[in-house]
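Since the structure comes first, as structure tokens, the remarks are kept for the end.
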Amino acid sequence: MRIAVLMGGMSKEREVSLNSGTAVTQALLRKGYEAVSIDAAEDVAGKLKAVKPDLVFIALHGRYGEDGAIQGLLEVMGLPYTGSGVACSAVCMDKVLTKKLLVADGIPTAPFMVINKGLYHNSRSAIHAQIMNDLGLPVVIKPATQGSSIGTTIVREESVLAAALEEALTMSDQALAEKFIAGVEVTASVLGNEEPVVLPLIEIEAAKGFYDYEAKYTPGGSAHVIPARIAEDAAKKVSAIAKQIYVSFNCLGFSRIDFIIDSSGQPWVLEVNTIPGMTGLSLFPDAAAHVGMGYDDLVEAVVKLAVDFWKVG
């Protein structure tokens, strides 16, 4: 089977994607596949036409790769691919849409406000006052359509709020203001199609207290604690909610769902990642390794799930 691995791309997570894609390509080659890596920064369709793959492994992160755009292109080209489809990818990449669907499904997520760029520039003071009144401090400010905590700020003083919103709104047309919930950060890695399996939960311990871009991708920036040091009841809730989201949002192949567990043991959903990182420092491969699934086997499992879904071969 010839597999094209899409990597790199045009998002702010390009370097991480190159690392993920390189590792995936090497794993596929070790497994005996004919793997060809493609940088998706330009002329993706032309490069794919030249390679003529049987399947495309999407190792792109962020915009134009994780947001349904590349999935739509592949469907138009008639090329089967790994991971979730167009609609699921688009929804999960958009933090505002994700939050609204979580609320609609009755899934616990932190109280939030949506700030639109045009309205903000005309009503700064009123929006600042509403955030302070409705959410208070600390508050988390995020751009709606970025991943890897890019542009995310934990605002602990009101004087920082304007700068945090300005930064977020340079990266997205909408920003999300979310009530800060103190607790243990946990991630649930989910593998499968119609019958997904939740892998062992991982507790994330950031060296500087905030699991930002640097903590995610710098050696020593964070520690992965497996199994997560949370109560058994809380762990069961996290696994059940992760599976519920995976099925409700129609995730396929693999996804990772991030949570905060507060002091009472209540899990709160942060976000859904439809193309988890696959680098040497990434969470999903660590969760798989804990149940005896090596990196190469994990990559092949994702391929087989795509083959099964698209009925390739």
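The values are calculated or read from the model by the stated rules, or taken from the named source; none is laboratory data. Nothing here was measured: the structure is a model prediction, and the numbers come from that model. Note that each Cβ is placed from the backbone with ideal geometry, even for glycine, and that neighbours are counted across all protein chains shown.
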Quiz item: Applying the selection to the range 45-69, what residues are of a type outside the set (Lys, Arg), closer than 21 Å to GLY277 by Cα and surrounded by fewer than 24 Cβ atoms within 10 Å (Cβ to Cβ)?
Solution: LEU55, GLY62, TYR64, ASP67, GLY68, ALA69
Quiz prompt | Meets criteria (in a helix (DSSP H, G or I), under 20 Å from the mean Cα position of the chain (by Cα) and without any contact (Cβ under 8 Å) to a residue 60 or more places away in the chain) for THR22 | solution = yes
Quiz item: Can you tell me which of GLY136, GLY151, GLY147 is touching a His at 6+ places or on another chain (Cβ under 7 Å), among the small types (Gly, Ala, Ser) and not in a strand (DSSP E or B)?
Solution: GLY147
Exercise. Would you please name the residue that is surrounded by the most Cβ atoms within 10 Å (Cβ to Cβ), looking only at residues in the range 1-19 that are assigned to a helix (DSSP H, G or I) and of a type outside the set (Asp, Glu)?
Key: SER17
Quiz item: Can you name every residue in the range 27-48 that is closer than 22 Å to TYR64 by Cα, part of a loop (DSSP other than H, G, I, E, B) and among the small types (Gly, Ala, Ser)?
Solution: ALA40, ALA41
Quiz item: Taking helices (runs of 4 or more DSSP H) that do not extend beyond the range 231-313, which have at least 2 residues that are closer than 22 Å to GLU195 by Cβ, in the same structural domain as VAL139 (by TED's automatic domain parsing) and free of Cβ contacts under 8 Å to residues at least 40 places away in the same chain?
Solution: none
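Yes/no matrix, rows are residues, columns are (1) within 24 Å of the chain's Cα centre (by Cα); (2) at pLDDT below 95:
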site	(1), (2)
LYS47	no, no
ILE58	yes, no
GLY62	yes, yes
GLY65	yes, yes
GLY68	yes, no
LEU73	yes, no
GLY78	no, no
SER84	yes, no
Quiz item: Considering only the range 80-99, how many residues are out of contact with any Asp or Glu (no Cβ under 9 Å at 6 or more places or on another chain) and of a type outside the set (Gly, Ala, Ser)?
Solution: 5
Quiz prompt | Considering residues of the range 224-245 that are under 30 Å from LEU97 (Cβ atoms) and in contact with a helix residue (DSSP H, G or I) (Cβ under 8 Å, 6 or more places away or on another chain) only, the residue modelled with the lowest pLDDT | solution = HIS224
Quiz item: Out of the range 246-284, which residues are in contact with a helix residue (DSSP H, G or I) (Cβ under 9 Å, 6 or more places away or on another chain), of a type in the set (Val, Ile, Thr) and under 15 Å from VAL186 (Cβ atoms)?
Solution: ILE257, ILE261, VAL269, VAL272
